[in-house]
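*Asks:* Let me give you the structure first, and then I'll get to my questions.
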Amino acid sequence: MQQQKVFITGKVVQRLWEGRPDSWRETANRSRERACPAGKDVPGWLCLSMWSLCGTSGLDMAASMAGQVLRTITAKSSLLGRQKGAQVTSRRWLNLQEYQSKKLMADNGVTVQRFFVADNATEALEAAKRLKAREIVLKAQILAGGRGKGVFDSGLKGGVHLTKDPEKVGTLTKQMIGYKLTTKQTAEGGVKVHKVMVAEALDISRETYFAILMDRACNGPVLVGSPQGGVDIEEVAEKTPELIFKEEIDIFEGIKDSQALKMADNLGFKGPLRQQAADQIKKLYELFLKVDATQVEVNPFGETPEGQVVCFDAKINFDDNAEFRQKEIFAMDDTSETDPIESEAAKYDLKYIGMEGNIACFVNGAGLAMATCDIIDLYGGKPANFLDLGGGVKESQVYQAFKLLTADPRVEAILINIFGGIVNCAIIANGITKACRELELKVPLIVRLEGTNVHEAKRILDESGLPITSAENLDDAAKKAVASISKK
């Protein structure tokens, strides 16, 4: 049952695991390797999650269970061509629109189409006229893919339009900005469009794919390319893996001219375009390092009939740990499509992930978060969300966490599950009592505390006079949380 339930929140826990400090992750990984030396490919977050289910004395069992789970769901990593288990691509909290990524590229010498950004139809029309282009492409700016085949609630079909008439740009923009665009990647109901990109449309004589990824397996960046671009690269990797080319880069030495030229050859660039493509590849690598990216993906990386190599579409992912030295870039973060509660939580260094149930989970740590959600489900409940406090928690964060959880109308009970290693349980207890009094909590509150200063924490809760239900362990806490709702 434990092994089956891990799939419910594995993706959620992976997101939290990626947000942990390197030192924290390294400690967990060392523990994993001691318990399972033969299975070092087992993700630390998965082993830790199993550890939470087995108990802290069951690290050997946890590593073994994690390995079993991985073996049952192992799939091929389509792009890098190696085994990929339960680990999923981590969601990066920084979200940039297409026009922002292209501006970063243009500012760093990478060739992109000429473009302007508009907030309304008048600005879009003016931009179209200023371009003086033979043909114009108008793109709705949302973070989801599949815009070309999307549908607006204004009735307009397609979030990407080509036209040779600048006047049509204004007309089309009126049907885009302020309306919701639904694509295969958006939630039901779509996403409201606030900006459009008005760009010069260039003919593409040939499309290729190029990306730079930070790959843990080779401890550094990897160039990935294919002469088949402009299409789903995962499908190319699955059907014609021989058309996927990789080049590992020594992060200390940097990219060599020979490596850039070799990739240009593999992508099929000929004659003078070969050197031009290699130059663009080197500039993309310089950008990759400069902005602390974890991925720079260009699809298509194409050539025009006029003999120009152009990055036609771009996606850049960033390392959140580098925010302190990339303040200008992180200031561009577009949160308009993010869950408002999630955005608010981030202001207080809290990790919040919304779910579909009615029991709020208030925890500290990825493994504990997963175990808490899974065991609630095991006893017939459904987690509404969980909120991870992290390590250096303060009373003020506890208070803000309660405000966020109680603001969700779906929440009918709150389960607090804290294992105080780094976290001082007494700080949590003081934060809980303050929040309960000031926010006049109206839903059942179940608290399970264990670890550092737990006896003082329990005394604070017991003497508070507040209607707080204490639990001895996680199993007891989950049962009480589910029962508190069924009694209503």
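The values are calculated or read from the model by the stated rules, or taken from the named source; none is laboratory data. Computed from a predicted model, the values in this text were never measured in an experiment. Methodologically, a virtual Cβ is constructed for each residue, glycine included, from the backbone with ideal geometry; neighbour enumeration extends over all protein chains shown. With ligands, DNA and RNA removed, areas are computed over all heavy atoms of the protein, side chains included. Shrake-Rupley method; radii C 1.70, N 1.55, O 1.52, S 1.80 Å.
*Asks:* Could you order the peptides 201-207, 311-317, 347-353 from most to least packed, using the average number of other C-beta atoms within 10 Å per residue?
*Replies:* Highest mean packing first, the order is 311-317, 347-353, 201-207.
*Asks:* Can you give the accessible area of residue 324 in Å² (nearest 10), computed on protein heavy atoms with a 1.4 Å probe?
*Replies:* Taking all protein chains as shown, residue 324 has close to 140 Å².
*Asks:* Taking the Cα centre of each part, how many Å lie between segment 273-297 and segment 165-187?
*Replies:* Using only Cα atoms, the two centres lie 31 Å from each other.
*Asks:* Would you please classify the overall shape of segment 352-410 from the alpha carbon gyration tensor, given that a ≥ b ≥ c denote the square roots of the eigenvalues, rounded means a/c under 1.5, and beyond that prolate means a/b larger than b/c while oblate covers the rest?
*Replies:* It is oblate, given that a/c is not under 1.5 and a/b is not larger than b/c.
*Asks:* With a ≥ b ≥ c the root eigenvalues of the C-alpha gyration tensor of segment 380-458, is it rounded (a/c under 1.5), prolate (a/b larger than b/c) or oblate?
*Replies:* Prolate.
*Asks:* Could you calculate the contour length gain from residue 218 to residue 160, that is, 0.36 nm times the residue separation minus the distance between their Cα atoms, to one decimal place in nm?
*Replies:* Length gained between residue 218 and residue 160: 17.1 nm.
*Asks:* Okay, next question. State, to one decimal in nm, how far the label point of residue 252 lies from the label point of residue 308, with both points 7 Å from Cα in the Cβ direction.
*Replies:* Spacing of the two 7 Å Cα→Cβ label points: 4.1 nm.
*Asks:* Determine, from the Cβ-Cβ distance of residue 466 and residue 114 and an R0 of 51 Å, the FRET efficiency 1/(1 + (r/R0)^6), rounded to the nearest 0.05.
*Replies:* 0.25
*Asks:* If you add up the charges near residue 179, with Lys and Arg at +1 and Asp and Glu at -1, over every other residue whose beta carbon is less than 10 angstrom from its beta carbon, what do you get?
*Replies:* Charge balance near residue 179 sits at +2.
*Asks:* In nm, to one decimal, how far is the modelled label at residue 324 from the one at residue 167, with both set 7 Å along Cα→Cβ?
*Replies:* 5.8 nm
*Asks:* If you don't mind, another one. Could you please put 194, 455, 161 in sequence from largest to smallest accessible area, using a 1.4 Å probe?
*Replies:* 455, 194, 161
*Asks:* Follow-up. If a paramagnetic tag sat 7 Å from the Cα of residue 240 along the Cα-Cβ line, which residues of segment 192-229 would have the backbone N under 16 Å from that point?
*Replies:* 206-210, 225-229
*Asks:* Taking a label point 7 Å from the Cα of residue 349 along the Cα→Cβ vector, which residues of segment 305-335 have an amide N closer than 20 Å to it?
*Replies:* Zone members listed by number: 319-328, 330-331.
*Asks:* Could you pull out every one of the aspartates and glutamates with an alpha carbon less than 12 Å from that of residue 270, ignoring same-chain neighbours closer than 8 positions?
*Replies:* Leaving aside aspartates and glutamates fewer than 8 places away in the same chain, those within reach of residue 270 are 303.
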